[in-house]
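Enquirer: Starting off with a structure, shown below.
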Amino acid sequence: MRQSSAGRTRVFRTEPHATPARAAGRRIAFEVDRIDEAFSRGWSVLVRGTARAVADPDEVRRLAERAHGEPWAGGQRPLWLRIDPIHISGRRITV
């Protein structure tokens, strides 16, 4: 497992009234995984830090322009949350 100290921020979008929106202003852990069952491999990354709502309209516009695709769950997801990382860890999953 690799570990590092604070690094670049991470952002994600959600619905304003969804459960993840309540993370704003709190210390959180956010995990992202990718599993490729066909090749029996993948990766997992855990980011721990403080979540903050992105309120500046210009920054929201920039984030939306740089987003890669639409949310896979569908919907607009207009609220952007930024995670200021305190700790990032991850691992590769192989057979």
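Enquirer: From Arg52, Arg61, grab the single residue that is over 24 Å from Ile93 (Cβ atoms) and surrounded by fewer than 14 Cβ atoms within 10 Å (Cβ to Cβ). Lay out the reasoning, then the answer.
Expert: On the way: Arg52 fails: surrounded by fewer than 14 Cβ atoms within 10 Å (Cβ to Cβ).
Being over 24 Å from Ile93 (Cβ atoms) and surrounded by fewer than 14 Cβ atoms within 10 Å (Cβ to Cβ) holds for just one of Arg52, Arg61, which is Arg61.
Enquirer: Would a scan of segment 27-39 turn up a residue that is at positive phi and either in contact with a strand residue (DSSP E or B) (Cβ under 9 Å, 6 or more places away or on another chain) or loosely packed, with under 10 Cβ neighbours inside 10 Å (or both)?
Expert: Taking every residue of segment 27-39 in turn, none turns out to be at positive phi and either in contact with a strand residue (DSSP E or B) (Cβ under 9 Å, 6 or more places away or on another chain) or loosely packed, with under 10 Cβ neighbours inside 10 Å (or both).
For (1) basic (Lys, Arg); (2) in a strand (DSSP E or B), each residue gets a yes or a no:
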| site | (1), (2) |
| --- | --- |
| Phe30 | no, yes |
| Asp33 | no, yes |
| Phe39 | no, no |
| Ser44 | no, yes |
| Gly49 | no, yes |
| Arg52 | yes, yes |
| Gly69 | no, no |
| Gly74 | no, no |
| Gly90 | no, yes |
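Enquirer: Still on this model: List pairs: first in segment 81-95 and in contact (Cβ under 8 Å) with a residue 40 or more places away in the chain and of a type in the set (S, T, N, Q), second surrounded by fewer than 13 Cβ atoms within 10 Å (Cβ to Cβ) and in a strand (DSSP E or B), Cβ under 8 Å, 6+ apart or cross-chain?
Expert: Pairs found: Ser89/Arg2; Ser89/Gln3; Ser89/Ser4.
Enquirer: Additional query: Can you go through Ala64, Ala51, Ala21 and tell me which one is free of Cβ contacts under 8 Å to residues at least 24 places away in the same chain and of a type in the set (Gly, Ala, Ser)?
Expert: Values: Ala51 fails: free of Cβ contacts under 8 Å to residues at least 24 places away in the same chain; Ala21 fails: free of Cβ contacts under 8 Å to residues at least 24 places away in the same chain.
After ruling out the rest, the residue left standing is Ala64.
A short reminder: the numbers here are calculations on the coordinates, not readings from a lab. Computed from a predicted model, the values in this text were never measured in an experiment. Here the Cβ is made from the backbone with ideal geometry for all residues, glycine too, and neighbour counts use every protein chain on show.
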